[in-house]
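First comes the structure, then the notes that go with it.
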Amino acid sequence: MKKLLFFAACMLAIASCNQGPSQAEIAAAQSIDSLKQIVSQKDNEINDMLGTFGEIEEGFRQIAEAENRVAVAQKGEGASSKQRIRENIQFIQSTMKQNKELINKLKQQLRESSVKSDALRKLVETMTQQMEEKEQQMQTLRAQLDEKEIQIMDLDEKVANLNTDVQELTTETNQRAETISQQDKQLHSAWFVFGTKNELKEQQILVDGKVLQSSFNKEYFTKIDIRVDKEIKLYSTSAKLLTAHPASSYTLQRDANKQYVLRITDPQTFWSTSKYLVVLVK
């Protein structure tokens with residue numbers, strides 16, 4: 001009888017082993033996978049924000065260098081000094097505008113992020129204050145330049161030919177600055193769209209399985225600055241890139257709502273193949 005009981009116990013143990021993982025073990029494994037996904041999402045969000053911080057800091061560094069060049073040019077005389085001042089002022093204004101856009105983007109990232117960090121918020125506040133101080137410095141610098149412009153005008157009244165040359169140079173410099181500004185915007189512009197198959201077909205973006213091969217509706221696309229806009233929310237649990245972009249230059253990650261977010265990790269490489277991005281969603 002004892003041998004029979006021992007044999008039955010062994011069979012039950014073997015049968016239990018053959019049943020595979022229990023419901024508790026499966027639930028634990030699913031929880032671990034979810035936690036890994038949350039950690040990965042937080043890492044991506046933090047890396048994105050740190051990348052934006054780095055770009056803002058680089059912008060401030062370039063602004064400081066341009067301010068130093070203006071200070072040196074102010075000590076000089078003649079049309080060439082005036083031209084250098086104008087070019088550097090144009091650069092400072094453009095870089096400050098880009099930095100303000102990056103700071104606003106950073107604030108939005110913090111609002112929408114699952115990462116709650118007082119240190120990051122304080123850093124954003126510090127950068128915002130730094131930008132306000134730069135704007136005040138620019139106002140002071142403009143006032144100084146206005147005074148110098150008056151001095152130049154007084155001198156030009158005595159020398160009519162020099163006055164004509166300066167006016168022509170000013171017009172030429174302004175035109176050149178405007179051209180550079182437009183070229184800079186065009187160089188760093190890209191366009192994206194995401195939609196269902198039917199939506200893309202209606203706009204002639206997707207025709208007979210081919211993308212951007214017909215006269216598609218360009219107005220349907222959203223224009224972005226590739227230096228600033230590196231994250232595109234797709235608001236869908238299904239997403240597929242239809243245009244060709246190097247796989248190493250981007251990631252597709254799910255947010256807290258399981259919806260996909262396209263993060264462009266290497267903008268120059270990502271947009272090198274096409275300045276148009278088309279994403280199919282459901």
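Rule-based calculations on the coordinates, nothing more; no lab input. A quick note: this is a predicted structure, and the numbers were derived from the prediction, not measured. All Cβ positions, even for glycine, are placed from backbone atoms using ideal geometry, and neighbour counts span all protein chains on display.
A few notes on this one:
- With 18 Å as the limit on Cα-Cα distance, the pairs of 201/240; 107/240; 100/233 that go past it are 107/240; 100/233.
- Loop-located trypsin sites (Lys or Arg not before Pro) in the range 46-88 whose Cβ has at most 15 other Cβ within 10 Å (DSSP): 75
- For the range 224-282, alpha-carbon Rg over 2.2 N^0.38 Å: 1.06
- A cut-off of 5 Å between modelled amide H atoms, ignoring neighbours fewer than 5 places along the same chain, links residue 196 with 281.
- Under the Debye formula (equal points on every Cα, no solvent term), log10 I(q)/I(0) of the range 58-131 at q = 0.11, 0.28 Å⁻¹: -0.40, -1.19
- Distance from the range 53-70 to the range 73-104 (C-alpha centre basis), Å: 11 Å
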